[in-house]
Amino acid sequence: MDEILKIAPLEERIYRHRCVEAWSIVVPWIGFSFSNLINLVEPTPKAQFVAFESYFDPRQMPQAKYAGIDFPYVEGLRMDEALNPLALLCVGMYGETLPNQDGAPVRMVLPWKYGFKSVKSLVKIKFQEKMPPTTWNRLASNEYGFYANVNPNVDHPRWSQAKERRLGEIFKRPTLMFNGYGDQVAGIYSGMDLKKKLLVRNLRVRSLLISKWTKAAVFLLCLVPFGELVWRIIKSELGGEPGLNSCSTPPEIGRCVFSSSPFALRRFANSSSFPISSAFAACSGSSLFSTSPCTFSPISAPTSPSIFLHVERRRKRLSLRGLSGFRPIDSLAITSTASWIRRLGGKRWQQLHRAIYVTAVCGVIHYYWLVKSDVRKPLFYGALVGILLLWRLGDWFFKRGSAVAAKLSAQRASANSSQ
């Protein structure tokens, strides 16, 4: 560390810091331009990129396995970005040395990029010919690009980047291009279309897919069953005899409604970052957990002994089929807490909660089996679940293609800069 401090005189720089999650802060950092280190080591002309790696010791950081991302944290820059005078190798802030939580003992500060690019607690810097992998781009390439420049004209797939909330302020303020440092860095990206994601080729389809109006229409359509259930409760139209023409008991209908509602609401919450919709999704999922056992109980059966026995025999045949949809709700309900998310880690928690797909499909199938003649409603629910599954499948294909497109774009940009 003493040798690093001798590379160049330290100076205080007051930079705006913009997080990708639409908040910002102004910080007085202490350090020197990273270009001083580059000039000292004199990398060969083959070095087109700089790769950074953060400190990681699983014995000292046992909770890292629950963070939902891979460690050590890695980041990268193109060489011309690293040579820009604004790129700061930082050793302090607010007149003091860096605290551990802010990246001690040394970190990068890149004020024109989103905050996740400013890697903390550096232990390795490598100059290389190929574009290095980065933690967030590797985890979700459709959301976090390699360049990650602050750009109010390119929204995150789940929220707008046009405005930001400065910490300590109530109202949001407009986000500036390159976080207000365009005069110093815009020339680096001449020839690049900064309005593109640089991830997906078919921009017309992609823009339609991520449109807030398209999402609102799809997800609100999938909430139609819940609205119908509420309306029938208000009108007192829910009967007590299951399986006559269509399934009419609250547990039977509620089972199908609540198996599709959290599915739709979770997608809406992820797309809009609207906390109420996320909470309501968890509430509807919990309702499914609590009402599903009633599906297999005799409390709603008619009073006639002969019909009661007939219904019970029929329910026994359906119980095992229905339970295939009900059982995944156990794990989803139990692990839908902040403590369990931390224990499992974000990635494993998401993998577990994909069981909602199984629950939604099995719930529709079970509902179809329960109905004797009028199968229009089970087919309607099945169509809604099918729309959501196709949406998810299409998004997965786009993510696969985005990673390839990002690599090709970076290679072309690197070739143009070397000419």
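Observations on the model:
- Number of residues in the stretch 111-157 that are in contact with a Pro (Cβ under 9 Å, 6 or more places away or on another chain) and closer than 23 Å to PRO28 by Cβ equals 4.
- The stretch 164-186: number of residues that are loosely packed, with under 14 Cβ neighbours inside 10 Å and touching a Lys or Arg at 6+ places or on another chain (Cβ under 9 Å): 3
- No other residue among VAL119, VAL185, VAL109 is closer than 30 Å to LEU40 by Cβ and touching a Cys at 6+ places or on another chain (Cβ under 6 Å) apart from VAL109.
- Selection status of LEU77, touching a Leu at 6+ places or on another chain (Cβ under 7 Å), closer than 25 Å to VAL41 by Cβ and crowded, with 19+ Cβ neighbours inside 10 Å: no
- Scanning the stretch 95-130 for residues that are of a type in the set (A, V, I, L, M, F, W, C) and under 24 Å from the mean Cα position of the chain (by Cα) turns up LEU110, TRP112, PHE116, VAL119.
- Condition check for LEU86: assigned to a loop (DSSP other than H, G, I, E, B) and at pLDDT 95 or above: yes
- Breaking point among (1) outside any helix (DSSP H, G or I); (2) surrounded by 18 or more Cβ atoms within 10 Å (Cβ to Cβ); (3) within 19 Å of the chain's Cα centre (by Cα), for ASN137: (1)
- Filter result for PRO72 (assigned to a loop (DSSP other than H, G, I, E, B) and surrounded by fewer than 20 Cβ atoms within 10 Å (Cβ to Cβ)): yes
- Count - residues of the stretch 17-56 that are part of a strand (DSSP E or B) and either closer than 17 Å to LEU98 by Cα or free of Cβ contacts under 8 Å to residues at least 60 places away in the same chain (or both): 11
- Residue among PRO111, PRO72 that alone is at pLDDT below 95 and in contact with a strand residue (DSSP E or B) (Cβ under 6 Å, 6 or more places away or on another chain): PRO72
- Given (1) modelled with pLDDT of 70 or more; (2) over 30 Å from GLY145 (Cβ atoms); (3) part of a helix (DSSP H, G or I), index of the condition GLY325 fails: (1)
- Condition met for ASP102 (touching a residue at least 24 places away in the same chain (Cβ under 8 Å), closer than 30 Å to THR175 by Cα and either outside the structural domain of ARG165 (by TED's automatic domain parsing) or of a type in the set (Asp, Glu) (or both)): no
- Scope the stretch 56-68; condition under 17 Å from VAL123 (Cβ atoms), at pLDDT below 90 and surrounded by 14 or more Cβ atoms within 10 Å (Cβ to Cβ); matching residues: ALA64
- Selection of the stretch 84-121 for residues being buried (at least 19 other Cβ atoms within 10 Å of the Cβ) and among the charged types (D, E, K, R) yields ARG107, LYS113, LYS117, LYS120.
- Condition met for VAL154 (closer than 15 Å to PHE52 by Cα, part of a loop (DSSP other than H, G, I, E, B), assigned by TED's automatic domain parsing to the domain that holds ILE14 and within 22 Å of the chain's Cα centre (by Cα)): no
The values are calculated or read from the model by the stated rules, or taken from the named source; none is laboratory data. Keep in mind that what you see is a predicted model, and the values were worked out from it rather than measured. For neighbour counting, all protein chains shown are included, and Cβ atoms are generated from backbone atoms with ideal geometry for every residue, glycine included.
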